[in-house]
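One structure is given below, encoded as structure tokens.
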Amino acid sequence: MKKINTSMTLPNQNGFFGPYGGQFVPEKLQAALQEVVVAYEAAKHDPVFQREYHQLLADYVGRPSALFFAKNLSKKLGGAKIYLKREDLNHTGAHKINHTLGEALLAKRMGKKKLLAETGAGQHGVALATAAALVGLECEIHMGAIDVAKQYPNVLRMKLLGAQVVEVKSGGRCLKDAVDSAFATYMADFEHTFFAIGSVVGPHPYPMMVRDFQAVVGREAREQFLAKEQHLPDYLIACVGGGSNAMGLFHAFLDDEQVQMIGVEPAGKSFKPGEHAATLTLGKPGTLHGMFTYLLQDEVGAPAAVHSIASGLDYPGVGPQHAYFKDQGRVRYETVNDQEALAAFQLLSQVEGIIPALESAHALAYAIKFAPTISQDQSILINLSGRGDKDVEYVGKLLGIS
Ligand SMILES: *Cc1c(COP(=O)(O)O)cnc(C)c1O
């Protein structure tokens, strides 16, 4: 494994992690992005901003989230000790609130009136609408018409939280069309609007900024683990869609060379094109959504169709810092398929009384395969990125429970 001494200072000033990242956007947007770069740099070093953010993480989100020793699961698997970082216990049920709150506070500080975003399954939309309500900003969420129909409870949540949901009826009426639609809206009114990206993806400074807001997860987990075990964990495992919960956990451990990190991508139904979203495992570098990174593309170079049982993981790109870590060998990327994730969802529910999000079940499923292969004095820390309440109806149908 190569040593990365500069891990804590990346990206460079142009937003590159090695060859990945950057700002690949139309000229008109470069000034808008520069405004975000400058405002975030100031906020990052402003104790007043940081104090307000951390106070909300404590009093509103409920941080620090617990670090739980999953004794029953560890015993059942008969290998390493398994610990769970309980991001599922956060307000709104996942890690996403950590960065939407940060983005909302930054938008307010910049004097913006409105938060704008696209959403696929609606999880980012709900977390953003929540932050907008708290901070006192308007919120406009673009969502493909097919997703609106599929994820109606999240549409209702966003509306109850006071957000405007724009149903996108163009193209394939899914996430990609929602991105295009939200982007067009931003181009028309970036003076009053803050584009709130939902993962460590997009043009600089978003991959860095979202990482910084999520890094609280790893800082807490490192301290909590040391307090319980008096040493560091041997392995960290997290699922990777865009990569924000994984980066949030990994960041504080990057300079701990003895800690091995595993990012888990969705292998979906199969490794056939369109049936998975294993971007780092099967993709190639290219440009999408303002960044240079690994991508899944079709024959003509357009973003490929993707699938995962966990809608939060089906994205044909990945955060540029993960692309860099893959090439450097600092993080190992593995895959878990739909069936394995579904089995992990059931197992954690039954042995620990915790119903995980289907996304998080991918990290668990990899640990379930891996833990029995290592010794009982080793330990694995898993980021349980969210709770499964949103998935119970769907899983119930899949399993034929009524
Ligand atoms: C959105 C989501 C993910 C995937 O996003 P990342 O940016 O890869 O973390 C994972 N888990 C849950 C619970 C989510 O809601």
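The values are calculated or read from the model by the stated rules, or taken from the named source; none is laboratory data. In this text the structure is predicted, and so the values were computed from the model without any measurement. As a convention, Cβ positions derive from the backbone with ideal geometry for all residues, glycine included, and neighbour counts pool all protein chains shown. Only protein heavy atoms, including side chains, enter the accessible area calculation; ligands, DNA and RNA are left aside. Shrake-Rupley method; radii C 1.70, N 1.55, O 1.52, S 1.80 Å.
Could you report segment 73-223's accessible area per residue, 1.4 Å probe, as an integer in Å²?
Details: 5240 Å² over 151 residues.
Normalised by residue count, the accessible surface of segment 73-223 is 35 Å².
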If one takes the longest principal axis of the Cα atoms in the chain, at what angle in degrees, from 0 to 90 and to the nearest 10, does the Cα axis of helix 47-56 lie?
60
Residue by residue through segment 97-107, which ³J(HN,Hα) values in whole Hz follow from phi under the Karplus form 6.51 cos²θ - 1.76 cosθ + 1.60 (θ = phi - 60°), with glycine and proline marked x?
4, 4, 8, 5, 5, x, 5, 5, 5, 5, 4
Residues meeting the amide H criterion for residue 288 (H placed from the backbone, H to H distance under 5 Å, 5 or more places apart or on another chain) are 293
Which entries of 96/176; 272/369; 228/397; 76/269 show an alpha-carbon separation above 29 angstrom in the structure shown?
228/397
Using a 1.4 Å probe on heavy atoms of the protein chains only, the accessible area for residue 166 in Å², nearest 10, reads 40
Once residue 298 and residue 133 are pulled to full extension, the length gained, defined as 0.36 nm per residue separation minus their Cα-Cα distance, is 55.5 nm
Across bins of 20 angstrom width beginning at 0, how are the C-alpha pair distances of the chain distributed, in whole percent?
29, 62, 9
Ignoring any ligand, DNA or RNA, what whole percent of the accessible area of the chain comes from carbon and sulfur when the probe is 1.4 angstrom?
53
How large is the charge dipole for the chain, taken about the Cα centre, if only the Cβ atoms of Lys, Arg (+1) and Asp, Glu (-1) carry charge, to the nearest 20 debye?
500
Given segment 154-210, report the % of alpha carbon pairs whose separation exceeds 17 Å.
53
At a probe radius of 1.4 Å, what is the per-residue accessible area of residue 67, in Å² to the nearest 10?
10
Computed over the chain: longest principal axis from alpha-carbon atoms vs helix 358-370 long axis, angle to nearest 10 degrees, is 30
Assuming 0.36 nm per residue, please report the length gained on full extension of the stretch residue 184 to residue 223 beyond their Cα-Cα distance.
9.7 nm
Please give, to one decimal in nm, the separation of the simple spin-label points placed at residue 110 and residue 258, each 7 Å out from Cα toward the Cβ.
4.2
Radius of gyration and maximum dimension Dmax of segment 118-234, Cα, Å:
17.2, 55
Using the Cβ atoms and a cut-off under 11 Å, what net charge is assigned to the surroundings of residue 71, where Lys and Arg are +1 and Asp and Glu are -1?
+2
Expressed in nm to one decimal, what extension gain is obtained for the pair residue 169 and residue 232 from 0.36 nm per residue of sequence separation less their Cα-Cα distance?
17.7 nm
